[in-house]
Amino acid sequence: MLQLYFLSVFCDTAAGIMILRGFGEKKSTDRALQHIDTYRFVLGILTVLTGLLVLINPIDGTTPILGDLFPALAGVLSGLTLIYEYLGKDSTFTFSDAESPVSVPDSDFFRKNNNMIVLVLRANQRTIGYISIIAGILHFLLPSFMFI
C-alpha cells in the first residue's frame, strides 16, 4: 500500500526531527507554543500507529515482517519518545477564559512508574531521533530493500 509507505517515511522523518529539535527543552507555558507540544503528541501517536501498521501490512506485500522492520521499529520508538515527552513533562495548564483562572496540574504518571521502557526512551532520545531520520530517508531511497 503506497499511502502507508509515504506515511511511514513522513512520520519517521518528522518524528526524528521533532525529537532532535525539542531535546532538553522544558514545556512552555506560552499558549502558542503549547500547540506545538500538542502537535508533537499527535505526531507521536500517528507514528506509533503507522509503525504498527507497516509491520502488519508490508509495502511490497512479499515479506510480511522483515521487509519493513527497521522503519517500523524506528517509528514505534520515536512515536513512544514523543508521547513520553508530552506526558512526562512538568506542566500546569491555565484556563484564563473563565472569570477566575483555573490551574489543572499534569499527572505524575511517568515519574511514579519508571519502568524499563521509559528509562530507555529517556536515556536515548537523541539516538532515537537520529535513527528515525535515517530510517525515514533510507526507506524513501530504498523502498524494496530487505530490512529497510
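Results for (1) at pLDDT 70 or above; (2) closer than 18 Å to M18 by Cβ, shown as yes or no for each residue.
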| residue | (1), (2) |
| --- | --- |
| Y39 | yes, yes |
| G44 | yes, yes |
| V48 | yes, yes |
| L53 | yes, no |
| F70 | yes, no |
| F93 | no, no |
| L121 | yes, yes |
| G136 | yes, yes |
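Consider the stretch 55-68 and keep the residues that are under 16 Å from L138 (Cβ atoms) and out of contact with any Pro (no Cβ under 7 Å at 6 or more places or on another chain). The one that is modelled with the lowest pLDDT is L66.
The values are calculated or read from the model by the stated rules, or taken from the named source; none is laboratory data. From a predicted model like this one, the values you see are computed outputs, not experimental measurements. In this analysis, Cβ positions are derived from the backbone assuming ideal geometry, glycine residues included, and neighbour counts consider all displayed protein chains.
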